[in-house]
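**Q** Here you go, one structure.
Bear in mind that the values in this text are calculations on the coordinates, not laboratory data. Given the structure is predicted, the values throughout are model-derived calculations rather than measurements. FYI the Cβ positions are ideal-geometry reconstructions off the backbone, even for glycines, and counts take in every protein chain you see.
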Amino acid sequence: DRYYVCRVNDFCNGPEVSQQVSDSETQSQTDSAEVAAAPEAEEIIPVPENLVIYFAFDRSDFTPSEETSRFLSDCKAYIEKEPGTMLDITGHTDATGTVSYNQALGIRRAESVKSFFVEQGLPAEIIESTSKGESMPAAENTTPEGRATNRRTEITIKNP
């Protein structure tokens with residue numbers, strides 16, 4: 001296959017010159033047109049990062065923050081694209097008080113967060129709330145800072 005090039009050695013001064021196109025170039029042009037006509041790939045929405053919400057001593061109420069709102073928005077978008085996704089909200093406590101009291105406080109914390117998410121439009125049936133009470137501390141319970149770190153709910157995404 002050959003190409004005739006105009007303006008090289010004054011070849012264009014004569015009669016009109018036609019250009020031959022090779023089969024491989026024709027296939028390349030066809031492939032390019034098919035790629036351009038292909039539908040856009042569906043937007044990939046990343047799995048939201050887990051969220052930890054901290055609580056005051058012996059409290060299960062919380063005030064939503066900007067971080068909570070951002071997580072909620074990300075969850076809604078992700079759940080829309082990934083049907084069957086579940087949220088797991090686990091309540092935790094420090095070691096102050098009895099084991100049974102802390103187990104109940106952990107579930108109240110988890111249920112408090114679940115109620116907020118449901119009020120904001122997430123379906124209750126995709127949210128599971130549980131309590132670990134004081135059984136899974138994130139920090140030592142020997143300091144005020146450590147106990148404050150342990151008073152929390154952890155929210156995780158569970159894919160189908």
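**Q** Whose amide H sits under 5 Å from the amide H of residue 130, counting only residues 5 or more places off or on another chain, with H placed in the peptide plane?
**A** Under 5 Å from the amide H of residue 130: 89, 90, 91.
**Q** Grab the other residues whose beta carbon is less than 15 angstrom from that of residue 106, score K and R as +1, D and E as -1, and report the net. Walk me through the numbers before you get to the answer.
**A** Details: positive: 59, 108, 109, 114, 132, 147, 151, 152; negative: 58, 61, 88, 94, 111, 128, 134, 154.
That works out to 0.
**Q** Something else now. Under a point spin-label approximation (7 Å from Cα along Cα-to-Cβ), what is the residue 115-residue 81 distance to one decimal in nm?
**A** Result: 3.3 nm between the two label points.
**Q** Right, another one. Tell me the net charge near residue 89. Cut-off is 9 Å between Cβ atoms, residue 89 excluded, with +1 for each Lys or Arg and -1 for each Asp or Glu.
**A** Values: positive: 109, 114; negative: 88, 111, 128, 154.
Once positives and negatives cancel, what remains is -2.
**Q** Determine the relative contact order of the stretch 99-158: mean sequence separation of Cα pairs under 8 Å and six or more apart, normalised by residue count, in whole percent.
**A** Values: 44 pairs, mean separation 21.7, N = 60.
It rounds to 36 percent for the stretch 99-158.
**Q** Which whole-number percentage describes the relative contact order of the stretch 33-160, with Cα contacts under 8 Å and a sequence gap of 6 or more?
**A** Values: 214 pairs, mean separation 46.6, N = 128.
Once normalised by length, the contact order is 36 percent.
**Q** I want the local charge near residue 122. Using Cβ-Cβ distances under 10 Å, sum +1 for each Lys or Arg and -1 for each Asp or Glu among the other residues.
**A** Working: positive: 76, 114; negative: 119, 125.
Net of charged neighbours comes to 0.
**Q** Which residue, 84, 160, 142, has the largest displacement toward the positive end of the dipole of the stretch 73-160 when charges sit on each Cβ (Lys, Arg +1; Asp, Glu -1)?
**A** 142
**Q** Please compute the modelled spin-label separation between residue 70 and residue 126, points set 7 Å along Cα→Cβ, answer in nm with one decimal.
**A** Once both label points are built, they end up 2.1 nm from each other.
**Q** Would you mind putting 144-150, 44-50 in packing order, based on average other-beta-carbon counts within 10 Å, highest first? Please list the in-between numbers first.
**A** Details: 144-150: 15.6, 44-50: 12.1.
Taking the mean over residues of other Cβ atoms within 10 Å, the ranking is 144-150, 44-50.
**Q** Arrange the peptides 78-84, 124-130 so that the one whose residues have, on average, the most other Cβ atoms within 10 Å appears first. Could you put the intermediate results ahead of the total?
**A** Details: 78-84: 12.3, 124-130: 14.7.
Output ranking for 78-84, 124-130: 124-130, 78-84.
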